[in-house]
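The structure appears below as structure tokens.
Every number here is computed from the coordinates shown, using simple stated rules; none is lab data. This one's a predicted model, so the numbers in the text were calculated from it and none came from an experiment. Counting neighbours? That spans all protein chains shown, and the Cβs are built from the backbone with ideal geometry, glycine included.
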Amino acid sequence: MQPKGKVGTRGKKQIFEENRETLKFYLRIILGANAIYCLVTLVFFYSSASFWAWIALGFSLAVYGASYHSMSSMARAAFSEDGALMDGGMDLNMEQGMAEHLKDVILLTAIVQVLSCFSLYIWSFWLLVCGYDSLPPQRGLLGRSVH
């Protein structure tokens with residue numbers, strides 16, 4: 001049961017701090033997935049790495065770069081001349097926001113990239129991104145949309 005009354009709001013400083021932590025978290029995911037992929041595919045199995053392995057790396061770097069840049073520009077804070085925080089930026093942890101989709105793209109790309117160390121056919125799972133938003137919203141037990 002939800003508490004009665006007004007839902008608590010978060011201040012600019014809290015949004016700013018949470019956005020900074022969120023961006024750090026996703027940067028670590030990006031760097032970790034790339035490190036694993038490069039180490040396994042391009043170092044250990046360099047002799048068997050094909051042209052498609054390099055294309056997959058370039059594709060993932062482009063997806064990571066575009067997604068992370070979009071997230072960081074949404075979270076950009078505004079400061080006054082004396083250094084006081086005027087605007088904490090857009091909340092990256094807001095449910096059903098654009099940042100939620102970008103975080104999903106980063107996570108799916110990282111999972112696919114790491115799993116593709118075993119087979120490049122795993123990259124076909126990235127097509128799930130195309131179908132994700134074309135599905136009708138699913139209804140949960142209480143009739144709320146869970147998509």
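Odds and ends about this structure:
- Separation of alpha-carbon centers, the stretch 92-127 and the stretch 36-75, rounded to whole Å: 12
- Label-point gap, in nm, between Cys130 and Lys12 - each point 7 angstrom along Cα→Cβ: 4.4
- Straightening the chain between Ile122 and Gln96 buys 6.6 nm, computed as 0.36 nm per residue apart minus the Cα-Cα spacing.
- Length available on full extension from Ile55 to Glu81: 0.36 nm per residue minus the Cα-Cα distance, which gives 4.9 nm.
- Farthest towards the positive end of the charge dipole of the stretch 12-127, among the residues His69, Met86, Ile111, is the Cα of Ile111, using unit charges on the Cβ of Lys, Arg, Asp and Glu.
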